[in-house]
Amino acid sequence: MMRLKDSDVTPEPVYLNRRAFMVGAAALLVAGGESAAAAPPEPAPLKATPNPKFRGEEPPTKYESATTYNNFYEFGTDKGDPSRLGHTLRPRPWSVVVDGLVAKPQRLDIDEVLKAAPLEERVYALRCVEAWSMIIPWIGYPLSVLLKRAEPTSKAKYVEFTTLKDPEQFPAQKPGLFGLGGGLDWPYTEGLRLDEAMHPLTLLTVGMYGKVLPNPNGAPVRVVIPWKYGFKSAKSIVRIRLTEEEPKTAWNKAAPQEYGFYSNVNPTVDHPRWSQATERRIGEFRRRKTLMFNGYAEQVASLYTGMDLKKLY
Amino acid sequence: MSRRVRVALKVGVWAACLVPLAKLLYGFWTDALTANPISYVTNELGQTTLRLLLISLSLTPLRILFGWGWQMPFRRLLGLFAFFYVCLHLSVWVVLDHFFDWREMGADIVKRPYITVGMLAFSLLLPLAATSTTGMIKRLGAARWRQLHRLVYFAAVAGCLHFIWLAKKVRVDPWVYTAILAVLLAVRAWDAARRFARRRAGGRAPSSSSSSSSPAAPPRAHARPVPPR
């Protein structure tokens with residue numbers, strides 16, 4: 001069945017076929033992940049006062065890295081997709097609805113969102129569930145400001161965030177061949193317990209690096225919850241809903257045994273398929289140890305006293 | 001096939017196989033390996049390995065389906081290039097990703113199914129690369145050599161599993177590789193079943209212990225005389 005001498009088997013070939021095969025083989029080899037090289041359009045500057053409490057001990061990740069290496073599956077699963085395709089998202093006009101179990105439901109234009117509180121700059125660590133991390137100077141204000149404006153009722157126990165669903169702006173939301181889009185159940189939803197959402201660290205974010213939030217990073221408005229894995233921090237938010245029940249979250253629906261509702265950064269609780277004990281800081285060579293609650297244990301550990309974080313991952 | 005064509009084909013295959021490496025080196029030179037180069041390079045090398053494995057496994061099905069033979073001599077080269085890329089893939093993991101932290105890597109091999117199965121795929125390829133020389137074929141004997149080299153099917157399956165298990169659930173590409181592999185293996189299985197059936201039909205009254213020497217047995221595809229054009 002297998003012979004290696006090439007003189008043995010030489011039917012008169014069709015040259016075109018050979019060439020077509022070789023070209024095909026070459027194309028197959030050349031294809032596959034291309035690097036994100038194209039620089040996205042420069043977002044407008046955004047003024048903010050640095051918050052001295054969150055100046056950050058470590059230098060921020062390069063702006064170029066933070067805007068070209070993103071998980072934003074609305075644009076595609078490749079980390080270069082958001083910067084490559086991000087221009088299709090139109091961050092203006094935009095409005096955010098705050099409703100559900102609130103006394104005063106709100107519908108805020110993005111300009112009202114920007115003016116709801118003084119903008120501050122906070123340098124936070126961002127830890128992705130894929131075991132890489134960045135240091136990012138975000139611009140925003142505590143989410144609690146917006147929530148308090150809507151006056152949550154006593155029944156409200158959770159907050160649900162919903163990302164825009166619009167296949168025209170988010171190409172990967174288009175249904176794929178035979179429904180095999182390879183995507184999540186759109187729209188992307190995420191959630192927090194109300195006390196987590198009201199925590200002073202939870203930042204409603206409208207900018208970074210002194211600029212308006214770039215499209216690949218969730219323009220025009222997102223949340224940043226620095227002690228949880230990155231996917232908890234919903235991007236391009238159109239709705240914030242207060243609920244009594246724990247909201248369904250996109251990744252939990254896709255793989256419940258891998259992505260729990262809490263998803264706190266925890267070096268002692270591994271992802272079922274890989275370790276969470278270490279991480280690679282973008283821009284660094286060696287892995288470093290992952291810190292409990294991504295280094296924010298002092299501020300947030302009390303939220304989880306008495307909870308088994310191995311079960312409630 | 002004329003000598004010139006053969007040489008041209010060989011050069012073409014070598015060049016095509018070196019393109020992925022050249023792309024990575026160029027990316028390194030121009031700082032275009034994304035913000036997380038180690039992860040990017042590991043992934044590219046792994047996917048190149050899988051692609052080359054699948055291409056090398058597609059040559060026999062091409063012969064089965066279309067009767068082509070010109071591609072057959074490239075199995076060894078393609079297989080060895082697949083092995084070359086899997087060695088790079090593994091080296092990046094050992095050196096750049098874990099920086100010789102054997103304890104951590106050992107724990108990963110035991111604890112993480114995708115790494116376990118990846119290591120399995122690599123170890124299955126090792127004896128194949130080691131016995132890839134013409135001298136080894138002679139020493140082992142064609143039959144035993146052929147048997148040994150069927151390990152490549154298991155290596156490819158393990159390679160696909162490795163990719164499926166490490167990728168996030170919503171990614172499609174691991175399944176694309178797996179589907180292609182399934183088709184390639186199905187063609188071989190179909191061919192083997194067909195040959196087996198023919199041999200049985202032709203070998204009802206076995207006079208000797210070797211059914212393949214039965215005069216009624218149809219010639220193997222590769223031994224089929226070349227029809228004049």
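The values are calculated or read from the model by the stated rules, or taken from the named source; none is laboratory data. In this text the structure is predicted, and so the values were computed from the model without any measurement. No Cβ is skipped: glycine too gets one built from the backbone with ideal geometry, and neighbour counts run over all protein chains shown.
As for the stretch B:134-144, it holds no residue that is within 27 Å of A:Asn71 (Cβ to Cβ) and over 18 Å from the mean Cα position of the chain (by Cα).
For the stretch A:247-267, filtering for residues that are within 14 Å of chain B (Cβ to nearest Cβ), over 15 Å from the mean Cα position of the chain (by Cα) and closer than 16 Å to A:Ala234 by Cβ leaves 2.
Every listed requirement among (1) over 30 Å from A:Ile135 (Cβ atoms); (2) touching a Phe, Trp or Tyr at 6+ places or on another chain (Cβ under 8 Å) is met by A:Lys155 save one, (2). Examine the stretch B:20-43 for a residue that is touching a strand residue (DSSP E or B) at 6+ places or on another chain (Cβ under 6 Å) and at the interface with another protein chain (Cβ under 9 Å from one of its Cβ atoms), and state whether such a residue exists. Scanning the stretch B:20-43, I find at least one residue that is touching a strand residue (DSSP E or B) at 6+ places or on another chain (Cβ under 6 Å) and at the interface with another protein chain (Cβ under 9 Å from one of its Cβ atoms), so the answer is yes. Being assigned to a helix (DSSP H, G or I) and at pLDDT below 95: is that true of B:Arg194 here? The answer is yes for B:Arg194. Being of a type in the set (Lys, Arg), within 12 Å of another protein chain (Cβ to nearest Cβ), more than 19 Å from the chain's Cα centre (by Cα) and surrounded by 15 or more Cβ atoms within 10 Å (Cβ to Cβ) is a description that does not apply to B:Arg103.
With respect to (1) polar (S, T, N, Q); (2) at pLDDT below 50; (3) surrounded by 18 or more Cβ atoms within 10 Å (Cβ to Cβ), the lone exception for A:Thr61 is condition (2).
Here A:Pro82, A:Pro43 are screened, and the one residue that is assigned to a helix (DSSP H, G or I) and surrounded by 20 or more Cβ atoms within 10 Å (Cβ to Cβ) is A:Pro82.
Yes or no, residue by residue, for (1) of a type in the set (A, V, I, L, M, F, W, C); (2) surrounded by fewer than 21 Cβ atoms within 10 Å (Cβ to Cβ):
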{"position": "B:Phe28", "(1), (2)": "yes, yes"}
{"position": "B:Thr42", "(1), (2)": "no, yes"}
{"position": "B:Thr48", "(1), (2)": "no, no"}
{"position": "B:Leu62", "(1), (2)": "yes, yes"}
{"position": "B:Trp70", "(1), (2)": "yes, no"}
{"position": "B:Gly79", "(1), (2)": "no, no"}
{"position": "B:Val86", "(1), (2)": "yes, no"}
{"position": "B:Leu90", "(1), (2)": "yes, yes"}
{"position": "B:Pro113", "(1), (2)": "no, yes"}
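For the stretch B:1-14, which positions are within 8 Å of chain A (Cβ to nearest Cβ) and either under 20 Å from the mean Cα position of the chain (by Cα) or not in a helix (DSSP H, G or I) (or both)? B:Met1, B:Leu9, B:Gly12, B:Val13 - these are the residues of the stretch B:1-14 that are within 8 Å of chain A (Cβ to nearest Cβ) and either under 20 Å from the mean Cα position of the chain (by Cα) or not in a helix (DSSP H, G or I) (or both).
Summed over the stretch B:23-63, the residues that are part of a helix (DSSP H, G or I) and either among the aromatic types (Phe, Trp, Tyr) or over 14 Å from the mean Cα position of the chain (by Cα) (or both) give a count of 18. Taking the condition within 13 Å of chain A (Cβ to nearest Cβ), in contact with an Asp or Glu (Cβ under 7 Å, 6 or more places away or on another chain) and assigned to a helix (DSSP H, G or I), does B:Ile115 pass? Answer is yes for this residue. Of the strands (runs of 3 or more DSSP E) that lie entirely inside the stretch A:105-215, those containing 3 or more residues that are surrounded by fewer than 20 Cβ atoms within 10 Å (Cβ to Cβ) span A:106-109. Candidates in the stretch A:95-104 are the residues that are more than 24 Å from A:Pro226 (Cα to Cα) and in contact with a helix residue (DSSP H, G or I) (Cβ under 6 Å, 6 or more places away or on another chain); of these, the one that is surrounded by the most Cβ atoms within 10 Å (Cβ to Cβ) is A:Val102.
A Cβ distance below 9 Å, combined with a sequence gap of six or more or placement on separate chains, defines the contacts here; from the stretch A:235-260, residues that are within 14 Å of A:Gly100 (Cβ to Cβ) reach residues that are of a type in the set (S, T, N, Q) and part of a loop (DSSP other than H, G, I, E, B) in the pairs A:Leu242/A:Thr153.
The combined condition, being surrounded by 17 or more Cβ atoms within 10 Å (Cβ to Cβ) and within 30 Å of B:Phe99 (Cα to Cα), is not fulfilled by A:Val224. Scanning the stretch B:64-84 for residues that are assigned to a helix (DSSP H, G or I), facing chain A (nearest Cβ under 8 Å) and in contact with a helix residue (DSSP H, G or I) (Cβ under 6 Å, 6 or more places away or on another chain) yields a count of 1. Residue count for the stretch A:240-296 under the criterion of being assigned to a loop (DSSP other than H, G, I, E, B), of a type in the set (Asp, Glu) and within 30 Å of A:Glu57 (Cβ to Cβ): the result is 2.
Residue pairs whose Cβ atoms lie under 6 Å apart, separated by 6 or more positions or on different chains, with the first residue in the stretch A:284-313 and under 14 Å from A:Arg193 (Cα atoms) and in contact (Cβ under 8 Å) with a residue 60 or more places away in the chain and the second part of a helix (DSSP H, G or I) and aromatic (Phe, Trp, Tyr), are A:Val300/A:Phe293. Of all the numbered requirements in (1) surrounded by fewer than 20 Cβ atoms within 10 Å (Cβ to Cβ); (2) within 20 Å of A:Gly140 (Cβ to Cβ); (3) within 14 Å of chain B (Cβ to nearest Cβ), A:Gly230 misses one, and that requirement is (1).
When A:Gln299 is tested against the conditions (1) assigned to a loop (DSSP other than H, G, I, E, B); (2) away from every other protein chain (no Cβ under 14 Å); (3) of a type in the set (S, T, N, Q), the lone failure is (1).
For the stretch B:178-198, filtered to residues that are within 11 Å of another protein chain (Cβ to nearest Cβ) and of a type outside the set (A, V, I, L, M, F, W, C), the residue that is farthest from the chain's Cα centre (by Cα) is B:Arg195.
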